[in-house]
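I have a structure here, written as structure tokens, and I will follow up with some questions on it.
Read-outs: derived from the displayed coordinates by stated rules, not from any lab. Since this is a predicted model, take the numbers as computed values, not measurements. In this analysis, Cβ positions are derived from the backbone assuming ideal geometry, glycine residues included, and neighbour counts consider all displayed protein chains.
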Amino acid sequence: MIICSCNILSDKQLREAAEEMRADPNGKVPTPGAVFRHLGCRPRCGGCFPSVIDIIHEKVSQEATDQDRPARVKRSEGR
Ligand code: FES
């Protein structure tokens, strides 16, 4: 789904960019502006920022939830 109509960026592109930035040990914190720069574009109207922030935080929230889960739950998922 297109999230940023100014730059024609999809939720998938934004999610992947945020993940790449977090995976880079020397990378920057994935803010909306940093994610746009990572994708080689610049924010224009900013109307998509609330959705971009939600996409960035949904992944962070998922990672935090995974880390908070008991180890026995994680192990049983691998079976
Ligand atoms: S909709 Fe994303 S900058 Fe305008």
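Please rank H38, H57, fewest neighbouring Cβ atoms within 10 Å first, as an exposure proxy.
Ascending Cβ contact count within 10 Å gives the list H57, H38.
Here is a follow-up. Return the ratio Rg/(2.2 N^0.38 Å) for the range 1-40, where Rg is computed over Cα atoms only.
On the way: Rg = 9.9 Å, N = 40, 2.2 N^0.38 = 8.9 Å.
Normalised Rg, Cα atoms only: 1.11.
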